[in-house]
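Here the structure is laid out as structure tokens; the discussion comes afterwards.
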Amino acid sequence: MLIVQAEHMGMCFGVEDALEAAESVNRPEAVTILGEIVHNRGVQEGLLARGYASQPENARAALPETPGVLITAHGISKLYRQRLETAGKQIVDTTCPLVTRLHKTAEKLVTAGYRLVLAGKPGHVEVLGITEDFPDTVVVADAAAVRTGLGQRLAVVAQTTTPSELFAQVAARVRELHPTSEIRVSDTICRPTRQRQAAIGALLGRVQALVVVGGANSNNTQRLVDQARQRGLPCWRVERDDELQPHWFADLAVVGLTAGTSTPRSTVQAVHRRLLSIGRTLRRAM
Ligand code: SF4
């Protein structure tokens, strides 16, 4: 059985850098993480075991009690940052530079007089980082959510992890429903997201089945599973190597392997090793 790995998969550099920064904090017990650095149970438990406090990402009303606050790679609004600074909080800022790029683009467009139409997940912490600073922003989860009458100057931007196809559909719908408006489209999807999307497309054309490594609550992991199933390929999502069942692969010659963006490299490597071992066992049994 041949195992073909996606060219790009798993944790992005933004989240890896944020975890590294969290590792280097000397007194984690004096720091609250705003939300989750990564939606991965094992990683989250490890951080809490080190002494970090955690505050749900949408709980903005009360400020954390600890003197330090860690901002995750998803970033926060200028408004929220000012509140933290005014309260004297020491900030450990792990905002991904590609999220910062989205903030700068948004600010430039709003300053130039455009109303933002943001393709993204309503309520997501990265989206809140934009809407808190620019409350006039219209957030749309997909093209069907785009309404008429949004304004005469519109700028379509994207949450960094938005699928390119969805973003293109949103932009097209905005144009269609606002034929007389001036419309700018700024593609703010990050490069790692783009690379992962291209890699899964290439992989699905080469394999008979797919294994996706990632958590049940990870959106992008589920999206990978959906993509495989839409192509009619058998697909299994696992969080750990010991969940793989040898009989799944009994009649397969080529199996693909990919992972959601919250999956650490070590977990993917363990799953890969186990797939190789299953392949060897099946070969011997033939
Ligand atoms: S913007 Fe892209 S690279 Fe940065 S943390 Fe988000 S997904 Fe990762």
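The values are calculated or read from the model by the stated rules, or taken from the named source; none is laboratory data. Treat the numbers as computed from the prediction; the structure is a model and nothing was measured. Heads up, the Cβs are rebuilt from the backbone with ideal geometry, glycines too, and the neighbour counts pull from every protein chain shown.
Does GLU45 meet the test of being assigned to a helix (DSSP H, G or I), of a type in the set (Asp, Glu) and either within 16 Å of the ligand (Cβ to nearest atom) or crowded, with 18+ Cβ neighbours inside 10 Å (or both)?
No, not satisfied.
If I filter the stretch 12-38 down to residues being assigned to a loop (DSSP other than H, G, I, E, B) and away from the ligand (no atom under 12 Å from the Cβ), which single residue comes out as nearest to LEU203 (Cα to Cα)? Reasoning before the result, please.
Here is the first cut: in the stretch 12-38, the ones assigned to a loop (DSSP other than H, G, I, E, B) are 12, 24-27, 35-38.
If we keep only those that are away from the ligand (no atom under 12 Å from the Cβ) too, we end up with 24-27, 35-36.
Values: SER24: 36, VAL25: 38, ASN26: 42, ARG27: 43, GLY35: 32, GLU36: 30 Å.
Here the residue is GLU36.
Here's a check for you: in the stretch 58-76, which residue that is closer than 28 Å to ALA155 by Cα and within 16 Å of the ligand (Cβ to nearest atom) is surrounded by the fewest Cβ atoms within 10 Å (Cβ to Cβ)?
Applying the first criterion (closer than 28 Å to ALA155 by Cα) to the stretch 58-76 yields 58, 60, 71-76.
Imposing the further condition that a residue be within 16 Å of the ligand (Cβ to nearest atom) reduces the set to 71-76.
Working: ILE71: 23, THR72: 27, ALA73: 26, HIS74: 26, GLY75: 25, ILE76: 27.
Looking at the filtered set, the residue picked out is ILE71.
Table: residues versus (1) more than 14 Å from the ligand (Cβ to nearest atom); (2) closer than 14 Å to ALA155 by Cβ; (3) at pLDDT below 95; (4) under 15 Å from the mean Cα position of the chain (by Cα).
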site: VAL99; (1), (2), (3), (4): no, no, no, yes
site: LEU102; (1), (2), (3), (4): no, yes, no, yes
site: LEU109; (1), (2), (3), (4): yes, yes, no, no
site: GLY113; (1), (2), (3), (4): yes, yes, no, no
site: LEU116; (1), (2), (3), (4): yes, yes, no, no
site: HIS124; (1), (2), (3), (4): no, no, yes, yes
site: GLY129; (1), (2), (3), (4): no, no, no, yes
site: PHE134; (1), (2), (3), (4): yes, yes, no, no
site: THR137; (1), (2), (3), (4): yes, yes, no, no
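Residue by residue through the stretch 192-229, note down the ones that are out of contact with any Asp or Glu (no Cβ under 8 Å at 6 or more places or on another chain) and β-branched (Val, Ile, Thr).
THR193, ILE200, VAL207, VAL211, VAL212, THR221, VAL225
Looking at (1) crowded, with 22+ Cβ neighbours inside 10 Å; (2) assigned to a helix (DSSP H, G or I); (3) among the hydrophobic types (A, V, I, L, M, F, W, C), which is the only condition MET9 fails?
Single failed check for MET9: (2).
Working carefully through the options ASP93, ASP142, find the one that is closer than 22 Å to PRO192 by Cα and within 16 Å of the ligand (Cβ to nearest atom).
ASP93
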